[in-house]
Amino acid sequence: MKKLLSFISVLLFIIATSTICVLAASGSQDVEKFGITGGINLQKGAETTFDSSRIISGTAEKDTEVEIIVYRVADDADEANLIELDRYKTTVGLSEIFLEDVDLSIGKNLIVVKAVNGEKYSEVSAVVKRKKSEIKIELRQGIILPGQR
């Protein structure tokens, strides 16, 4: 329970500091047509996968700079720490579509997608939990009873 509370507090801190920086920049507005169409589910608290990567896709107006940052959530005994793994940057073209293949680490991954177009700014985030492939093999081979690992 402490780990969950620590993770939530770190996530809220990141969102709050990002929001403060953006508001200080000059009463910015949301990027028009910005949305995520695939790769992460913004409605769920967290998703689980065995895949080593995800293809994040979305839409935004032409010339929008999209940055995707992947953090590994390292659960320490007392608090959750975010360790930046990768940054992916792209500029939206005439199609008004962006697409990026991002790598995931084993464990919790926080994926933050930022869109900037002039003074307009939007940001979304989601958690994807990547499980070890050995677990997938064990699940295929049969039922695992508690204490058999």
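In the range 104-133, which residues have a backbone nitrogen under 18 Å from the label point lying 7 Å from residue 30's Cα in the Cα-to-Cβ direction? Only 112-126 pass the distance filter.
Within the P(r) computed for the range 45-127, what percentage of the Cα pairs occupies the region above 15 Å? Don't jump to the answer; show the numbers that get you there.
Numbers: 2007 of 3403 pairs.
Looking at the range 45-127, the distances longer than 15 Å represent 59 percent of pairs.
So how exposed is residue 73, as accessible area in Å² (1.4 Å probe, rounded to 10)? Roughly 10 Å² of residue 73 is accessible to a 1.4 Å probe.
The values are calculated or read from the model by the stated rules, or taken from the named source; none is laboratory data. Only a predicted model underlies this, so the values are computations on that prediction, with no experimental measurement involved. So basically every Cβ, Gly included, is an ideal-geometry build from the backbone, and we count neighbours across all protein chains shown. These area figures cover heavy atoms from the full protein model, side chains too; ligands, DNA and RNA do not enter into them. Shrake-Rupley method; radii C 1.70, N 1.55, O 1.52, S 1.80 Å.
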